[in-house]
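Trainee: First, the structure itself, so that you have it in front of you.
The values are calculated or read from the model by the stated rules, or taken from the named source; none is laboratory data. Predicted model only: the values in this text are computed from it and were never measured. Methodologically, a virtual Cβ is constructed for each residue, glycine included, from the backbone with ideal geometry; neighbour enumeration extends over all protein chains shown.
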Amino acid sequence: MRNLKHLNKMVSHIAVVAWVALAFSVAALAQDQSAIEAGEQLYDQHCAECHGEKLRSSGVTPDLRTLSANDRARFDAMVKDGKDQMPSWDGILTAENLDQLWAYIRAHAR
């Protein structure tokens, strides 16, 4: 009987932890979706002309979908500083804008 009470208490704790984790996951997913949508708008406004509609590069410019999660610092530097034919977006795009663009790109990564 004692073991059954202990087991019930443990199951209750596990259920509470699982519920909290699920609630945080749902909130993070909604936040991520919001960032992705904002990133898509920014991409359409500032990037699509050169990098292609819906991230589909013509082959002349880099395919942003091939950036890995580890390329974030390189992405930020290229956007801020410019590279080759790409102008600098420093002072035009904010840190939040870069986060949103990155969310959009990573959501469509290959």
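Trainee: Could you list, in sequence order, all residues of the stretch 80-110 that are in contact (Cβ under 8 Å) with a residue 60 or more places away in the chain and not small (Gly, Ala, Ser)?
Mentor: Asp99, Gln100, Leu101, Trp102, Tyr104, Ile105
Trainee: Taking the condition of being in a loop (DSSP other than H, G, I, E, B) and either on the phi > 0 side of the Ramachandran plot or of a type in the set (Ser, Thr, Tyr) (or both), how many residues in the stretch 62-84 meet it?
Mentor: 3
Trainee: In this structure, does Ser88 turn out to be modelled with pLDDT under 95, surrounded by fewer than 16 Cβ atoms within 10 Å (Cβ to Cβ) and in contact with a Gly (Cβ under 8 Å, 6 or more places away or on another chain)?
Mentor: When the stated conditions are applied, Ser88 does not pass them.
Trainee: Filter the stretch 37-61 down to the residues that are surrounded by fewer than 17 Cβ atoms within 10 Å (Cβ to Cβ) and outside any helix (DSSP H, G or I) and list them by number.
Mentor: Arg56, Ser57, Ser58, Gly59, Val60, Thr61
Trainee: For Ser25, all conditions in the list (1) hydroxyl-bearing (Ser, Thr, Tyr); (2) assigned to a helix (DSSP H, G or I); (3) at pLDDT 70 or above hold save one; what is the number of the exception?
Mentor: Result: Ser25 fails condition (3) only.
Trainee: Taking the condition of being of a type in the set (Lys, Arg), free of Cβ contacts under 8 Å to residues at least 12 places away in the same chain and under 24 Å from Ser34 (Cβ atoms), how many residues in the stretch 55-79 meet it?
Mentor: Within the stretch 55-79, residues that are of a type in the set (Lys, Arg), free of Cβ contacts under 8 Å to residues at least 12 places away in the same chain and under 24 Å from Ser34 (Cβ atoms) number 1.
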